[in-house]
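Peer 1: One structure, pasted below without further comment.
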Amino acid sequence: MNNNSDNKDVNIIKASRMLQAKVGSGDIDKDRIEKSQTVIASNKVDFVPMAREFLGQLESALRAVPEQPQDIKKSLQPVIEAVMQIKGNAAMFNYTLVGTLAGIVLNFLENLNSWDKDSHDIVEAHMKTLQVIVNNGMKGDGGDYGMQLVTELREVCQRYFNKRNGTAGAADAFFIE
């Protein structure tokens, strides 16, 4: 983010003392970083079967969301968890585009205050897009095609919130990575 005067206020959340005690503080040894990077780069595990399983979980969770849930956060939790699994694992296996798209939908889901056909359709389209990407073994960021998918998904989410809220408002900030 740049420091222009027209930027919205930024809420900085400091790590808790308990978290700091668990992970420690200070620099991480460069040798450890290099070893970790080597392990990630030489990873031979096939992400496709794992991703298909996560996408199956997402599909089941999406089908289980009632048309008009009484408690949206509770009803969407299995959907959110499936998307988090996809996002969390994609980068480890060099499926950057999958992780980026999942991150956008995760933010979308976490900011929903209601559930309707449009929100369902957005998540379903996201799921189908990820299925195509995974089934075709599209690793990396997808190049120009990947950028176009990222842009389109961000814009459709933004249009959804603009339509519901009448203005971009708070929805603007959470689509910035």
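The values are calculated or read from the model by the stated rules, or taken from the named source; none is laboratory data. Computed from a predicted model, the values in this text were never measured in an experiment. Cβ placement follows ideal geometry from the backbone for every residue including glycine, while neighbour counts extend to all protein chains displayed.
Peer 1: Can you name the residue in the stretch 135-177 that is at pLDDT 50 or above and of a type in the set (Val, Ile, Thr) and, of all such residues, is farthest from the chain's Cα centre (by Cα)?
Peer 2: The selected residue is THR167.
Peer 1: Mind listing whichever residues of the stretch 14-42 are loosely packed, with under 10 Cβ neighbours inside 10 Å and outside any helix (DSSP H, G or I)?
Peer 2: Listed by number, the residues that qualify are LYS14, SER16, GLY24, SER25, GLY26, ASP27, ASP29, SER42.
Peer 1: Within the stretch 64-93, which residues are under 30 Å from SER36 (Cα atoms) and not small (Gly, Ala, Ser)?
Peer 2: The answer is ILE80, GLU81, VAL83, MET84, GLN85, ILE86, LYS87, ASN89, MET92, PHE93.
Peer 1: Next up: Does at least one position in the stretch 2-11 carry a residue that is surrounded by 10 or more Cβ atoms within 10 Å (Cβ to Cβ) and either modelled with pLDDT of 75 or more or at positive phi (or both)?
Peer 2: Within the stretch 2-11, none of the residues are surrounded by 10 or more Cβ atoms within 10 Å (Cβ to Cβ) and either modelled with pLDDT of 75 or more or at positive phi (or both).
Peer 1: Determine which single condition ASP118 fails, assuming it passes every other condition in (1) within 23 Å of THR151 (Cα to Cα); (2) charged (D, E, K, R); (3) free of Cβ contacts under 8 Å to residues at least 24 places away in the same chain.
Peer 2: Unmet condition: (3).
Peer 1: Out of (1) among the polar types (S, T, N, Q); (2) without any contact (Cβ under 8 Å) to a residue 60 or more places away in the chain; (3) closer than 21 Å to VAL45 by Cβ, what's the single condition that is false for SER60?
Peer 2: Checking SER60 against (1) among the polar types (S, T, N, Q); (2) without any contact (Cβ under 8 Å) to a residue 60 or more places away in the chain; (3) closer than 21 Å to VAL45 by Cβ, the one that fails is (3).
Peer 1: Another question, if that's okay. Counting only residues that are at positive phi and surrounded by fewer than 16 Cβ atoms within 10 Å (Cβ to Cβ), give me the helices (runs of 4 or more DSSP H) lying completely in the stretch 50-166 with at least 1 of them.
Peer 2: 143-165
Peer 1: Something else: When you look at VAL45, is it modelled with pLDDT of 80 or more, part of a loop (DSSP other than H, G, I, E, B) and within 22 Å of THR100 (Cα to Cα), yes or no?
Peer 2: In short, yes.
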